[in-house]
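Here the structure is laid out as structure tokens; the discussion comes afterwards.
The values are calculated or read from the model by the stated rules, or taken from the named source; none is laboratory data. Everything quoted here is computed from the prediction, not taken from an experiment. Because the Cβ atoms are built from the backbone with ideal geometry, glycine has one as well, and the counts that use them run over all protein chains shown.
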Amino acid sequence: MALRDETGPYFGEFGGRYVPESLVEALDELSEAWELAKLDPAFRAELDALLKDYVGRPSVVTEAQRFARHAGGARILLKREDLNHTGSHKINNVLGQALLTKRIGKTRVIAETGAGQHGVATATAAALFGLDCVIYMGEVDTERQALNVARMRLLGAEVIPVTTGSRTLKDAINDAMRDWVTNVEDTNYIFGTVAGPHPFPAMVRDLQKIIGEEAREQVLALTGRLPDAVAACVGGGSNAMGIFHAFLDDTAVGLYGFEAAGEGMDTLRHAATISRGRPGVLHGARTFLLQDEDGQTVESHSISAGLDYPGVGPEHSWLASIGRATYRGVTDAAAMDALRLLSRTEGIIPAIESSHALAGALELGRELGQDAVVLVNLSGRGDKDMETAGRYFDLIDAGAEQS
Amino acid sequence: MSAVADVIRTRVDAGSGALVGYLPVGFPTFDESVDAAVAIAQSGVDVIELGLPYSDPVMDGPVIQAATQQALARGFRLSHGFEAVRRITEQVSVPVLLMTYWNPVLSYGVERFADDLVDAGGAGLITPDLIPDEAEEWLAASERTGLDRVFLAAPSSSDARLVRAVEVSRGFVYAVSTMGITGARSDVDSAARGLVARLRDAGVEHTCVGLGISTAQQVREVLDYADGAIVGSALVSALSNGGVDAVASVAADLATGTGRRG
């Protein structure tokens, strides 16, 4: 069977539904609705029209020639998900799930968010479709991504800062799950990544795989061949699954996921789930996770809120376990260097998340050498990260205040 | 045979039903959590549901989250869970079920966990985020060791899922009174009565209702149609605010709802 044909609930020994019984009915309903919707030409047509006229798809592929000079002479091609409406790949998934919400007759949506990109995308779709919207966001993240909180509120969403546990993405997911258990009758949970219980890993991947499908054609048209390597950052892993999927059965194409190595893979402050974790159950799926010897989740660390997650999508765990994809770590410092390098060589300011993939691409280019083609998923733009970058590179004049 | 089922049967035969009391290990301290469990057993609680603190407790409301987070911050380890079961069962004869999210069990090793729980004198497990569909390893380990396995049933569960929950559960089936998480509520949902009736149709022998029960009056109402009433947050609040004496007094009051004391 082709690797692309895996539909869940299990990916090898990973995946499943480790959830309270109260959620099973909602998950069954969602699975069934998704199976029907994805085969329904009317649903597909409505989603395709939104992706074209609202998101601006297809996103272009940009060759980064000046940036590539730092990558051992390899050709670096950027899949520009940063140019999507709302500034990242997250909108692809959200529009599909919002359409599905309408289809199953629910009127309220909830979502978790880390960096705020998924929350902004969900708030956007809720505004577009007239749905009530509540976003759960760890208190720590509301502080480091204050601008995205404002965006969500401007779009009409209620943002609830989560104060339990580590007050980051994982706790936002816990609180969103608690909300869903309580309000499942009128509420749909728009999950932001390829993690969580079935059907989320397969459904979110199905909605993100357009990235790889477009890019595969675009790279063929541009270079006359498939890329040697595809690089993407991995937190939960939705942009990576999105760009990997079309290439899963192209065995000559190397697939590389770059996890946040934070302050270093050998420190305790990283989010390198596959590289440093072991299999367990978190947020409804069996997958690799960062945990202590008692199975308590260990807090992750990354300069990028979007990668600061101690779990990972089960399909990635499976791809790692069968050796189809390779997962490596990129430190905060290497990612920030790549962010600055792309800004200065190409005039493109990438999200800190995506900068992990760019740093990885520099490494891959040097390994693969002249003439190699490396496709990078530039999953989001860096506007939301200006405060972090400004502080990191000391770009903001002391005492200056935005007026 | 299941000691939990025996206790429930005795209470039902006597004309009421069982009172199941939840407390987490390690809150406010390890010793006090053991003393509190012993005290509620001596005050009329028939079955102890002993919670293992976990970093990501998606079924728990604010009161229990705050307690278990504090226990974790103070260095709770899984080994303390087994030690607590041992110390409680040495002092009182009520059966003790562990309530645990699945990852700690998986991480410890399902078979090893089952063996150590038997050694400690525990009766079995309540597994809030393990549905029968994913429970193959636990079904095998509990079959081998004879431990009870309490699965949850929800108002939203299909008839087929209720039948499955009844088939695989031993001890009792945990009927979730309302759609939601743990925490006291002013009135226990009428959904509970309907769910218990559907569980009876599915052939359940014993079912206890939990989530939202905090007063003797609610215990009395629930025991009118169910075999047991499960109380958690109300006990944890009492322990948090007034220590072991307070939790014992709240347990004694709740036990009046079973019609045996007061």
Report task. Report yes if some residue within the stretch B:134-153 is on the phi > 0 side of the Ramachandran plot and within 12 Å of chain A (Cβ to nearest Cβ); otherwise report no. Result -> no
Report summary line: Counted residues in the stretch A:294-333 being more than 30 Å from B:Arg77 (Cβ to Cβ) and in contact with a Lys or Arg (Cβ under 7 Å, 6 or more places away or on another chain) come to 2
Query raised in the report: Can we say A:Thr297 is more than 24 Å from A:Val140 (Cβ to Cβ), among the β-branched types (Val, Ile, Thr) and modelled with pLDDT of 95 or more?
Result: no
Report summary line: In the set A:Glu217, A:Glu213, the lone residue that is without any contact (Cβ under 8 Å) to a residue 24 or more places away in the chain, away from every other protein chain (no Cβ under 14 Å) and either touching a strand residue (DSSP E or B) at 6+ places or on another chain (Cβ under 6 Å) or charged (D, E, K, R) (or both) is A:Glu217
Requested in this report: List the number of the failed condition for B:Leu125; all other conditions in (1) farther than 16 Å from B:Phe82 by Cβ; (2) surrounded by 24 or more Cβ atoms within 10 Å (Cβ to Cβ) hold.
Outcome: (1)
Query raised in the report: Would a scan of the stretch A:64-86 turn up a residue that is surrounded by fewer than 22 Cβ atoms within 10 Å (Cβ to Cβ) and within 14 Å of chain B (Cβ to nearest Cβ)?
Result: no
Query raised in the report: How many residues does the stretch A:159-183 hold that are assigned to a loop (DSSP other than H, G, I, E, B), at pLDDT 90 or above and buried (at least 22 other Cβ atoms within 10 Å of the Cβ)?
Result: 0
Report summary line: With criteria (1) on the phi > 0 side of the Ramachandran plot; (2) of a type outside the set (A, V, I, L, M, F, W, C); (3) part of a helix (DSSP H, G or I), A:Lys102 comes up short on (1)
Report summary line: Within the stretch B:28-55, residues assigned to a loop (DSSP other than H, G, I, E, B) and within 16 Å of the chain's Cα centre (by Cα) come out as B:Gly44, B:Val45, B:Asp46, B:Leu52, B:Pro53, B:Tyr54
Query raised in the report: Where in the stretch A:251-301 are there strands (runs of 3 or more DSSP E), lying fully within it, with 2 or more residues that are over 26 Å from A:Glu363 (Cα atoms) and facing chain B (nearest Cβ under 9 Å)?
Result: A:278-282
Report task. Answer yes or no as to whether B:Val47 is farther than 30 Å from A:Tyr309 by Cβ and not charged (D, E, K, R). Result -> yes
Query raised in the report: Can you name the number of the only condition in (1) within 24 Å of B:Cys208 (Cβ to Cβ); (2) crowded, with 20+ Cβ neighbours inside 10 Å; (3) more than 15 Å from the chain's Cα centre (by Cα); (4) more than 8 Å from every other protein chain (Cβ to nearest Cβ) that B:Ser93 fails?
Result: (2)
Report summary line: Residue hits (the stretch A:184-195; within 11 Å of another protein chain (Cβ to nearest Cβ) and either outside any loop (DSSP other than H, G, I, E, B) or buried (at least 24 other Cβ atoms within 10 Å of the Cβ) (or both)) are A:Thr187
Query raised in the report: Across the stretch A:44-75, what is the total count of residues that are in contact with a Leu (Cβ under 8 Å, 6 or more places away or on another chain) and outside any helix (DSSP H, G or I)?
Result: 12
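Residues checked against (1) closer than 20 Å to A:Glu63 by Cβ; (2) among the small types (Gly, Ala, Ser):
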residue: A:Thr273; (1), (2): no, no
residue: A:Arg276; (1), (2): no, no
residue: A:Glu293; (1), (2): no, no
residue: A:Ser304; (1), (2): no, yes
residue: A:Gly313; (1), (2): no, yes
residue: A:Tyr327; (1), (2): no, no
residue: A:Met336; (1), (2): no, no
residue: A:Arg344; (1), (2): yes, no
residue: A:Leu362; (1), (2): yes, no
Requested in this report: Could you check, for the stretch A:105-114, whether at least one of its residues is among the charged types (D, E, K, R), in the same structural domain as A:Ala146 (by the TED database) and free of Cβ contacts under 8 Å to residues at least 60 places away in the same chain?
Outcome: no
Requested in this report: Give the residues of the stretch A:92-112 that are within 20 Å of A:Ser379 (Cβ to Cβ) and either of a type in the set (D, E, K, R) or at pLDDT below 95 (or both), sorted by residue number.
Outcome: A:Glu112
Query raised in the report: Would the stretch B:190-205 turn up any residue that is in a helix (DSSP H, G or I) and in contact with a Lys or Arg (Cβ under 8 Å, 6 or more places away or on another chain)?
Result: no
Query - Complete set of residues in the stretch B:98-125 that are under 19 Å from B:Thr68 (Cα atoms) and away from chain A (no Cβ under 12 Å) - result: B:Leu98, B:Met99, B:Leu125
Query raised in the report: Would you pick out the residues in the stretch A:346-403 that are outside the structural domain of A:Ile76 (by the TED database) and under 15 Å from the mean Cα position of the chain (by Cα)?
Result: none
Requested in this report: Enumerate the pairs (first residue in the stretch A:136-150 and touching a residue at least 40 places away in the same chain (Cβ under 8 Å); second residue anywhere and β-branched (Val, Ile, Thr) and assigned to a helix (DSSP H, G or I)) with beta-carbon separation below 8 Å, excluding pairs fewer than 6 apart on the same chain, so at least 6 apart or on different chains.
Outcome: A:Tyr136/A:Ile173; A:Arg144/A:Thr388; A:Asn148/A:Val120
Query raised in the report: Could you list, in sequence order, the residues of the stretch A:250-264 that are more than 16 Å from A:Ala229 (Cβ to Cβ) and loosely packed, with under 15 Cβ neighbours inside 10 Å?
Result: A:Gly264
Query raised in the report: Would you pick out the residues in the stretch A:1-41 that are within 14 Å of chain B (Cβ to nearest Cβ), acidic (Asp, Glu) and either more than 24 Å from the chain's Cα centre (by Cα) or farther than 18 Å from A:Ser317 by Cβ (or both)?
Result: A:Glu21, A:Glu25, A:Asp28, A:Glu29, A:Glu32
Query raised in the report: Could we say that A:Phe67 is under 28 Å from A:Asp228 (Cβ atoms), in contact with a Pro (Cβ under 8 Å, 6 or more places away or on another chain) and touching a residue at least 60 places away in the same chain (Cβ under 8 Å) here?
Result: no
Query raised in the report: With respect to B:Ile230, is the statement that it is under 22 Å from B:Arg149 (Cα atoms), modelled with pLDDT under 95, buried (at least 24 other Cβ atoms within 10 Å of the Cβ) and of a type in the set (A, V, I, L, M, F, W, C) true?
Result: no
Query - Flag for B:Ser79 being hydroxyl-bearing (Ser, Thr, Tyr), at negative phi and touching a residue at least 40 places away in the same chain (Cβ under 8 Å) - result: no
